[in-house]
Every structure is written in C-alpha cells, then in structure tokens.
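This report refers to the structure that appears directly beneath it.
Read-outs throughout are calculated quantities, based only on the coordinates presented, and are distinct from any laboratory measurement. Since the structure is predicted, the reported quantities are computational estimates derived from the model, not experimental observations. Virtual Cβ from ideal backbone geometry, glycine too; neighbours counted across all protein chains shown.
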Amino acid sequence: MINRFALVAAALLLASISASAQTWPSQPIRWIVPYPAGGGTDLMARTLGVYLEKSLGQPIVVENKPGASTVTGTAALTQAPPDGHTVGMLFDSLAINAAFGMQLPYDSEKDIVPVINLARVPLVLMVNSSLVPMKTLPELVAHAKANPGWFTFGSLGPGSPHEIGFAWLRTMSKMDALIVPYRGVNPALQDLIAGNIKGMFLGVAVADEFIRQGKLHAIGVSSKSRLKSAPDLPTIAEQGYPDYDFVTFYGLGAPKGTPAPIVARLNAEINKVLQMPDVRAKVEPTGAEIVGGTSEEFDAMLRNNMGKMQRIVSEAGLMPPK
C-alpha cells in the first residue's frame with residue numbers, strides 16, 4: 001500500500017513538473033548579475049536577454065546585485081523560487097569563495113543547477129613598455145629573479161581571479177614579484193600606464209588601445225590555447241609552464257529544484273542565441289570567447305574548477321581576503 005501511494009505521489013509530481021514546463025515561462029524572467037551595471041558580464045546578460053525575449057515570449061529583466069565577491073547576487077539566486085523564472089550569472093568566484101573556506105549562505109555545489117557555460121575569458125599578462133623591455137616570459141622571470149623587488153603586479157584585489165592567476169604563476173616560476181591590490185580595473189590600468197606598477201592581467205580587448213599606442217605590450221596569454229584575436233601571442237604554458245591554464249568564465253545557473261525540462265529549454269534557446277552573428281559581434285570584442293554546450297558539460301566544468309581552484313589556492317599559499 002505504501003509503495004502504491006509512493007508511486008501515485010511520484011506520478012503526480014512528474015505530471016505537475018511536466019505541466020509547469022509546458023506553460024513556462026508564464027511571467028518575466030529575472031536574470032541576476034552579481035556585478036554592477038556597465039561591465040562585460042552586464043553586457044552579456046543584456047545582449048542575450050534581447051534575443052531570448054523574442055524566443056521565450058516574456059521580458060528578461062536584468063537585475064544587478066553586486067557585493068561581497070558575488071556572494072550577494074548568488075545568494076539571491078539560490079533563495080529564489082525554483083520555477084524557472086529566476087536565473088543568475090556564475091563566475092570563477094563560485095569556486096574561489098569555496099576554496100578560501102568562506103562562510104556562505106548557500107552550498108556552491110548543491111544549491112545551484114548549471115544551465116550553460118556562456119563564455120570563457122582568457123587573461124593576458126600586460127606590462128609597461130617603457131619600464132619592461134622584456135618580450136618573453138622567460139626573460140621577465142629571469143630579470144625579476146635577478147632584481148628582487150623590481151617587478152610589481154597590479155591585482156583587482158585579494159581573491160580576484162587576476163590576483164590568484166598571477167600568484168599561481170609566481171609560485172610556478174619562483175619569480176620575485178610584489179602584488180599590489182586595487183579596487184577595480186581602471187585604477188590599476190591607470191597606474192600601469194603611468195609606470196607606478198609594471199604589469200597586470202587584463203582582458204586583451206581592454207588593453208588594445210594602449211598596445212597600439214605603444215604604452216603596453218603583451219607577454220603571454222593565460223589559456224592553454226592561443227587567442228583567435230591574437231594568434232601570434234604565445235601562451236604562458238608554451239613559455240616553460242605546461243601545466244599553467246587559468247581562464248575565467250561567464251555561466252548561467254538556476255536555483256536548486258528548477259525542473260529539468262525548463263533547464264533543457266533554457267539551454268537550447270541560449271545555445272541558439274550564442275550562435276547568432278549579431279551576438280558574437282557584440283560579445284567577442286570584449287575578449288570573451290563564446291562556449292555554449294550542454295548543462296551536463298557545464299556541470300562537469302564547474303566541478304573540475306572547484307577542485308582546481310582549491311589546489312591553486314593551496315599551492316600558492318593564498319590567504320582568504322579580509
């Protein structure tokens with residue numbers, strides 16, 4: 001009798017999920033971005049939203065909820081009703097915050113349903129052309145070792161991917177370097193151009209203008225493969241550090257319990273949008289490389305990134321941001 005009731009309950013639940021998926025979306029979709037308006041992540045959300053509104057028949061309302069290294073926005077995502085009407089952007093910070101052992105109001109691995117990997121964003125090690133004549137990473141590392149205190153690197157603050165990525169490289173290369181934290185890209189970039197620091201990680205699109213002016217030049221790219229936009233720029237891995245592969249990403253998630261049919265449809269519709277030439281024309285100049293793929297592939301990537309970030313934080317001896 002108990003088994004019969006259990007089967008009936010399960011059948012009713014499946015029927016309810018199926019019905020809700022067929023009528024979804026029945027209201028505007030809230031798209032949480034845990035960063036301020038105006039950046040590359042915001043551009044991605046708003047660009048995709050324009051096209052998704054047409055295919056889904058409901059408005060996409062982008063809501064910027066910055067704060068606490070994306071914890072504020074991610075918490076809002078995990079606390080939303082799991083009915084498919086709230087999604088949120090996911091970033092490296094999901095793994096970084098967990099790797100540092102931060103007290104979080106959610107479980108980074110259990111409270112979020114991966115929807116799709118939107119884009120990967122390689123970083124480029126940029127240096128001031130006047131102060132750093134070296135053109136290759138081996139030359140830079142050798143000079144830094146021979147001149148303690150000479151190389152200063154601008155990060156976007158403790159716990160930022162830019163700082164973690166460089167700290168890992170510093171550990172691998174055993175180069176002597178001082179990391180100088182900044183509150184955002186612009187003040188760090190201004191100091192790099194002014195010569196107050198000698199290098200920093202940037203998205204290649206941000207630095208293009210200054211490269212053309214001869215104020216900055218690129219030493220290497222953080223991804224395992226070369227950039228399509230800069231095929232002549234060698235990777236850090238090619239220059240003596242074959243295990244180095246550090247790429248940031250933009251992804252999309254939903255609250256735990258969001259019905260699988262809704263996740264599947266979201267994934268399918270976004271994959272279509274990501275292939276549109278107009279979308280690529282807006283996103284790729286920011287330095288982001290479109291990814292797409294299945295939700296299962298994104299889930300595997302997130303799990304792999306969790307382990308990788310824990311290893312990097314441990315190897316580099318990094319402390320949690322205060």
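Listing for the model above:
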item: Chain lengthening between ASP176 and GLN103 when straightened (0.36 nm per residue, less Cα-Cα); result: 23.0 nm
item: Over 21 Å between alpha carbons, listed pairs LYS256/LYS282; LYS135/LYS198; LYS110/LYS308; LYS54/LYS272; LYS135/LYS174; result: LYS256/LYS282
item: Segment GLU63-SER229, extension gain: residue separation times 0.36 nm, minus the distance between their alpha carbons; result: 56.7 nm
item: Mean separation of Cα contacts under 8 Å (6+ apart) over length of the chain, as relative contact order %; result: 26
item: FRET efficiency, 1/(1 + (r/R0)^6) with R0 25 Å, evaluated for GLU284 and ASN186 via beta carbons; result: 0.70
item: Unit charges on C-beta of K, R, D, E only; dipole of the chain, Debye; result: 100
item: Modelled FRET efficiency - R0 45 Å, ALA142 with SER55, Cβ distances, 0.05 increments; result: 0.25
item: Label-point separation in nm, ALA37 to THR72, each point 7 Å along Cα→Cβ; result: 1.5
item: Coil-residue trypsin sites (Lys or Arg not before Pro) of the stretch 43-148, DSSP, other Cβ within 10 Å capped at 15; result: LYS110, LYS135
item: Within the stretch 45-62, backbone nitrogen closer than 19 Å to the virtual label 7 Å beyond the Cα of ALA264 toward Cβ; result: 56
item: Stokes-Einstein D in µm²/s, Kirkwood radius over Cα pairs - the stretch 124-239 at 4 °C with 1.567 mPa s viscosity; result: 93
